[in-house]
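The values are calculated or read from the model by the stated rules, or taken from the named source; none is laboratory data. Since the model is a prediction, treat every value here as computed from it, not as a measurement. With ideal geometry, Cβ positions are generated from the backbone for all residues, glycine too; neighbour counts draw on all protein chains shown.
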Amino acid sequence: MARAVADTALSTEGIHSLGTGTLAEIATYGPGEKVLGVIVTEEEVEVHIVALYPLKGTVPELAGEVRDKVARDAEGRSIQVVVDDLAMSEEVNDDASV
């Protein structure tokens with residue numbers, strides 16, 4: 001389930017990557033695999049994202065879109081989306097260097 005949630009979240013427009021945690025690693029451990037950026041418990045799925053700036057909407061709208069998309073993979077669990085950071089798009093970085 002964690003891999004499916006991660007893949008779905010990453011496929012959302014405006015997501016740069018999944019967050020991996022600052023003070024503690026954000027991950028789910030499974031058979032032969034560690035999925036960074038997603039924590040799955042019996043009651044909840046927590047997805048940590050890094051959004052791509054500039055955003056096409058608001059941060060809450062992006063988090064809601066991720067929540068809606070991963071709901072099909074969450075098997076009825078509640079879904080929490082945590083925005084860990086913003087990453088500047090190459091377009092913005094190019095403009096800043098001029």
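Summary of values
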read-out	value
Subset of region 58-79 that is outside any helix (DSSP H, G or I) and touching a helix residue (DSSP H, G or I) at 6+ places or on another chain (Cβ under 8 Å) - its residue that is farthest from E46 (Cα to Cα)	A74
Test: residue in region 28-36 that is modelled with pLDDT of 95 or more, within 18 Å of L86 (Cα to Cα) and buried (at least 19 other Cβ atoms within 10 Å of the Cβ)	no
Complete set of residues in region 43-54 that are surrounded by fewer than 13 Cβ atoms within 10 Å (Cβ to Cβ) and over 17 Å from A4 (Cβ atoms)	E43, P54
Residues of region 1-46 classified as touching a residue at least 60 places away in the same chain (Cβ under 8 Å), within 22 Å of G64 (Cβ to Cβ), touching a strand residue (DSSP E or B) at 6+ places or on another chain (Cβ under 8 Å) and not in a strand (DSSP E or B), total	4
Residues of region 37-58 classified as more than 10 Å from the chain's Cα centre (by Cα) and more than 12 Å from I15 (Cβ to Cβ), total	10
